[in-house]
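J.: Below is one structure. I have some questions about it.
Values quoted throughout were computed directly from the atomic coordinates according to the rules given, and no laboratory measurement underlies them. Because the structure is a prediction, the values reported are computed rather than measured. As a convention, Cβ positions derive from the backbone with ideal geometry for all residues, glycine included, and neighbour counts pool all protein chains shown.
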Amino acid sequence: MKKLSILITAFLFTITAMAGTLKITQNSSNANTHKLWKEKVIPMFEKENPGINVEMTIYDHEAYKTAIRNFLQAEPPDVVNWFSGNRMKFFVDQGLFEDVSDVWKKHGLNSQLSAARSTMTVNGKQWGVPLTYYQWGVYYRTDIFKKYGLGEPRSIADLMHICATLKKNGITPFTIGTKYLWTAAGWFDFLNLRVNGYDFHMGLMDGNISYEDKRLDKVFDIWGDLARKGYFIENHASLSWQEGQAPMLNGDAAMYLMGNFVVGNLQEGGLTGKIGYFQFPVIDGNVRTWEEAPTDSVHIPSKAKNKADARKFLAFLARPDIQSMVAEVEGMLPTNNQSPAPSDEFLKIGFKVLSESAGLAQFYDRDTNPEMAKEGMKGFQEFMVKPDREKQIRKRIEKVRKRIFKK
């Protein structure tokens, strides 16, 4: 009897030791995402894993970009959400993310997450799990386009005609909020991909090409022309991307170059049935069509205390049913190829666009060195306000490139 009691006690101790508190982060700016994780994602995981209690800390999206740099080196949570590609690699190189290749192998993720595998791989190892990805493009007011007899542009000439027509009728063609800089980078990325193609763009991102290279002249010429003609809303440098939605909601602007996550906000703002989407138009017919598709991911900090349960959580988040649930609320696409096809019209379009593209870039601040991205985006924002300073701005950005990449 005494022996049985000891065995039961040992068993209970083992169960307790195996389970515990799992601390995770969430930095989505979507309130519906917070609700989903609190009411469905976390309860589902806890039900399937009795004894594990998940504690979620919600951060402001922009503040999180600074916070993660600090807590990863001190006392980090057990699971953090972040961005794949170069943004992930920055922390991998510092030894701040855990190698989770074992999770990929154990759960067959190499085949299920094959499309995003390269974005999670450094030195042949996987350092996190991709959760969602999404298309960028131009979202526009279909009612305004219809009013002025405008169709979706096929070329940059078509787009300039649309802009001129809207401007003539008192409507600013494009809204944008560049307060946090990254939205301006979307314009640079698309213009450069359409003018110079993927290999040149990634060469620039890797620090191998000068920002004063003559092949970038056309990029800044087109961009500067848009800015000088007043095709962007005024005072955009003082607006966040969310605040930049207001001119489109009230009809003062007709288009927004943005990621698909903007759709839910526009619909909630009263534009259901009044939103259309088109790919960034062709500039050079000899350049293949590359798209932007940023991938959001989850990782285990190397200093996490509960890595065993964190690995269970990553495997849970990689499942097709969980990815579909999260992606639908976020207005994004699941990275698991076993997930059901999206039902939302914009996600259907996005899936088609990304599937048919020549290839995918992540985004300026995910494809290049973080310090380079910060300085580059400062320059892009300034250029959109003061395009006549192009020469000085490019010279300044180039000086930073040389210092960072030593090339």
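J.: For the residue pair Asn53 and Ser240, what label-to-label distance in nm results when each label sits 7 Å from Cα along the Cα-to-beta-carbon direction?
T.: 3.2 nm
J.: Any idea how far the Cα center of segment 71-135 sits from the one of segment 218-292, in Å?
T.: After rounding, the separation between the Cα centres reads 30 Å.
J.: Further question: Once a ≥ b ≥ c are taken as the square roots of the eigenvalues of the Cα gyration tensor of segment 84-198, is the result rounded (a/c under 1.5), prolate (a/b larger than b/c) or oblate (a/b not larger than b/c)?
T.: Prolate shape, in that a/c is at least 1.5 and a/b is the bigger ratio.
J.: Among Arg311, Arg69, what is the fewest-to-most ranking by other Cβ atoms within 10 Å? The partial results should precede the final answer.
T.: Numbers: Arg311 21, Arg69 14.
Ranked by crowding around the Cβ, least crowded first: Arg69, Arg311.
J.: Here's another thing I want to ask about it. With a cut-off of 8 Å between alpha carbons and a minimum separation of six or more residues, what is the relative contact order of segment 275-407 in percent?
T.: Relative contact order of segment 275-407: 25 percent.
J.: Can I ask one more? Using alpha carbons only, how many angstrom separate the centre of segment 36-60 from the centre of segment 350-388?
T.: 33 Å
J.: Neighbouring Cβ atoms within 10 Å as the yardstick, rank Tyr364, Tyr64 fewest first.
T.: Tyr64, Tyr364
J.: Using alpha-carbon pairs under 8 Å, 6+ residues apart, how would you state the relative contact order of segment 161-268 in percent?
T.: Reported relative contact order: 47 percent.
J.: Given only helices, namely DSSP H runs of n ≥ 4 each adding -39500 (n - 2.57), what is the per-residue ellipticity at 222 nm of the chain, to the nearest 500 deg cm²/dmol?
T.: -14000 deg cm²/dmol
J.: Same structure, new question: Quick check for me: using +1 on Lys/Arg Cβ and -1 on Asp/Glu Cβ, what's the dipole size of the chain about its Cα centre, in debye to the nearest 20? It would help to have the intermediate numbers written out before the result.
T.: Numbers: 53 positive and 46 negative charges, 165 e Å.
Here the size comes out at about 800 debye.
J.: Then there is this: For Glu152 and Lys40, what does the FRET efficiency come to when R0 = 51 Å and r is the distance between their Cβ atoms, rounded to the nearest 0.05?
T.: 0.90
J.: Restricting to Cα pairs below 8 Å that are 6+ residues apart, what does the relative contact order work out to for the chain? Please round to a whole percent.
T.: Contact order relative to length: 27 percent.
J.: If each residue's Cβ is checked for other Cβ atoms within 10 Å, how do Glu75, Glu291 rank with the fewest at the top? Mind showing how you got there, number by number?
T.: On the way: Glu75 11, Glu291 23.
Neighbour counts put them in this order, fewest first: Glu75, Glu291.
J.: Can you run phi through the Karplus equation (6.51, -1.76, 1.60; θ = phi - 60°) for segment 280-289 and list ³J(HN,Hα) in whole Hz, with x for Gly and Pro?
T.: Rounded to whole hertz, the list is 4, x, 5, 10, 10, x, 8, 9, 5, 8.
J.: Under unit Cβ charges (Lys, Arg +1; Asp, Glu -1), what dipole magnitude, rounded to 20 debye, does segment 119-231 have relative to its Cα centre?
T.: 500 debye
J.: Next question, about the same structure. Taking H placed 1.01 Å from N in the peptide plane, check which residues at least 5 places from Asn53 or on another chain put their amide H under 5 Å from its amide H.
T.: Those lying under 5 Å, H to H, from Asn53 are Gly20, Thr21, Leu22.
J.: Please report the antiparallel percentage of DSSP beta bridges with both residues in the chain, rounded to the nearest 5.
T.: About 65 percent, rounded to the nearest 5.
J.: What is the sum of charges around Lys47, taking Lys and Arg as +1, Asp and Glu as -1, for the other residues whose C-beta is under 15 Å from the C-beta of Lys47? Working shown, then result.
T.: Working: positive: Lys38, Lys40, Lys312, Arg319; negative: Glu39, Glu46, Glu48, Asp309, Asp321.
Taking every other residue near Lys47 into account, the sum is -1.
J.: So for segment 185-343, what percent of the C-alpha to C-alpha distances run longer than 18 Å?
T.: 71 percent
J.: Additional query: Under a plain spin-label model, where a point goes 7 Å from the Cα along Cα-to-Cβ, how far apart in nm are Asn70 and Asp217?
T.: Label at Asn70, label at Asp217, 4.7 nm between them.
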